[in-house]
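**Student:** Below: one structure in C-alpha cells.
Values in this text are rule-based calculations from the coordinates and carry no lab data. Worth saying up front: this structure is predicted, and the values here are computed from it rather than measured. All Cβ positions, even for glycine, are placed from backbone atoms using ideal geometry, and neighbour counts span all protein chains on display.
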Amino acid sequence: MSMNKSWKDKMWIFSVIYFSLGFFNIIFAWLGMLCFITPILMSIFGKEKAFCNSYCGRGQLFTLLGSGKKMSLNRNLPAFLKSRWFRYGFFIFFMIMFVNMLFATWAIFSGSGSLNASVRLFWTFDVPWEWANRTGESVPLWAIQFAYGFYSLMLTSLILGLLSMIIYKPRSWCVYCPMGTATQMICKIREEERL
C-alpha cells in the first residue's frame, strides 16, 4: 500500500477530531468549512467527485463503523431517498438552513441580534452548549455565532448519516449528502460545457 493511499484512508480521523474539538471549544467548528470548500473546489477544478470518493472523512467513518465494526443492518436504501427530487429537495432545504445560519451571524455582526450559545439539532431542537464557548473576549461574537450554527449543521448531518449507516448500508448518507449533490451538479455543468 502506498503512503499516499494510507494517508487518504485515514481521513476519518479528521471527522473524529473535528467533532471532539468542537464539543470542547466551539470556535473549532470553523474547521468544518474545509468540508464545504474542498469538495466544491475539487469539482470546479476538474477532480470530479474525488473528494466524496477518496477524501471524505465522514464517508470513511461510516464505512469503518458500518462495515468494519458491523454496525450496519446493510439494507438497501429506499428508492425515494435515492430519487432526484429528494436529493435536490434535501440540498435546497440544507442550503436554506445554511443561509438562515448566515442571517443569524449577520444579525450579531450588525448589532441587531444576540448570541445563541446552543447547538440546534435537526434544525429544531436547541441543545445548551455554553461550555464550548471558551473564546473569552478574543473572538468576536459573530464568529462564535457562526461556529455554533455551523457545528449544528455538521452535527445534525453526522447524526443523520449515522442513522442511515445503521439502518441501511454504511455509506447511505453519501447518496443524499448535500455536498455530494453539489459536487454532482458542478460535474454535470462542467460536462455540458465540454459538449
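**Student:** Multiply the residue separation of PHE93 and LEU115 by 0.36 nm, subtract the distance between their alpha-carbon atoms, and state the gained length in nm to one decimal.
**Tutor:** Working: separation 22, 0.36 × 22 = 7.92 nm, distance 2.37 nm.
Stretched out fully, the PHE93 to LEU115 stretch lengthens by 5.5 nm.
**Student:** Another question, then. Hey, how many Å between the Cα centroid of the stretch 123-151 and the Cα centroid of the stretch 1-75?
**Tutor:** So the separation of the two Cα centres works out to 23 Å.
**Student:** Follow-up question, since we're still on this one. Per DSSP H run of at least 4 residues, take -39500 (n - 2.57); add these up for the chain, divide by its residues and hand me the 222 nm value, nearest 500 deg cm²/dmol.
**Tutor:** On the way: 9 runs with 116 residues, N = 195.
Helix-only estimate at 222 nm: -19000 deg cm²/dmol.
**Student:** Dipole of the stretch 24-119 (Lys/Arg Cβ +1, Asp/Glu Cβ -1, origin at the Cα centre): which of TRP106, LEU61, PHE80 lies farthest to the positive side?
**Tutor:** Among TRP106, LEU61, PHE80, the one farthest towards the positive end of the dipole of the stretch 24-119 is PHE80.
**Student:** In percent, how large is the relative contact order of the stretch 59-195, given Cα pairs closer than 8 Å and 6 or more residues apart?
**Tutor:** Details: 147 pairs, mean separation 53.7, N = 137.
So the answer I get is 39 percent.
**Student:** Pop a pseudo-label 7 angstrom from the Cα along the beta-carbon direction at both LEU102 and LEU81 and give the gap in nm to one decimal.
**Tutor:** 2.9
**Student:** Of PHE19, PHE62, PHE109, which is the most mobile in a GNM of the chain whose springs link Cα atoms less than 10 angstrom apart?
**Tutor:** Ranking PHE19, PHE62, PHE109 by mean-square fluctuation puts PHE109 first.
**Student:** Let me ask something additional. Using amide H atoms built in the peptide plane, which far-off residues or other-chain residues are under 5 Å from LEU77 H to H?
**Tutor:** Here LYS169 satisfy the definition.
**Student:** So what are the ³J(HN,Hα) numbers for the stretch 142-155, from phi and the Karplus equation (6.51, -1.76, 1.60; θ = phi - 60°), rounded to whole Hz, Gly and Pro as x?
**Tutor:** With coefficients 6.51, -1.76 and 1.60, one gets 5, 5, 5, 4, 4, 4, 4, x, 5, 4, 4, 4, 5, 5 Hz.
**Student:** Highest first, please rank the peptides 84-96, 35-47 by the mean number of other Cβ atoms sitting within 10 Å of their residues. Don't jump to the answer; show the numbers that get you there.
**Tutor:** On the way: 84-96: 14.0, 35-47: 15.5.
Output ranking for 84-96, 35-47: 35-47, 84-96.
**Student:** Tell me the net charge near LYS169. Cut-off is 12 Å between Cβ atoms, LYS169 excluded, with +1 for each Lys or Arg and -1 for each Asp or Glu.
**Tutor:** Values: positive: ARG75, LYS82, ARG171; negative: none.
Result for the local shell: +3.
**Student:** In nm, what is the difference between 0.36 nm times the number of residues separating LEU163 and LYS10 and their Cα-Cα distance? Don't skip to the answer; put the middle values down first.
**Tutor:** Values: separation 153, 0.36 × 153 = 55.08 nm, distance 2.21 nm.
Roughly 52.9 nm would be gained on extension.
**Student:** Now for a separate question. Helix 33-44 versus the longest principal axis of the chain: what is the Cα-based angle in degrees, 0 to 90, to the nearest 10?
**Tutor:** 40
**Student:** Under 13 Å between C-alpha atoms is the cut-off here; go through the stretch 3-194 and count lysine pairs that meet it, provided they're at least eight residues apart or on different chains.
**Tutor:** On the way: LYS47/LYS188; LYS49/LYS188; LYS69/LYS169; LYS70/LYS169; LYS82/LYS169.
Number of lysine pairs found: 5.
**Student:** With a 10 Å cut-off between alpha carbons and a GNM built on the chain, which of LYS49, LYS169, LYS82 moves the most?
**Tutor:** LYS82
**Student:** Between beta-carbons, use under 14 Å as the cut-off and find the net charge around GLN184, counting Lys and Arg +1, Asp and Glu -1. The partial results should precede the final answer.
**Tutor:** Details: positive: LYS47, LYS49, LYS82, ARG84, ARG87, LYS188, ARG190; negative: GLU48, GLU191, GLU192.
Cβ neighbours under 14 Å give a net charge of +4.
**Student:** In the stretch 15-36, whose amide N lies under 11 Å from the spot 7 Å out along Cα-to-Cβ of VAL127? List them in ranges.
**Tutor:** The answer is 23, whose backbone nitrogens lie closer than 11 Å to the label point.
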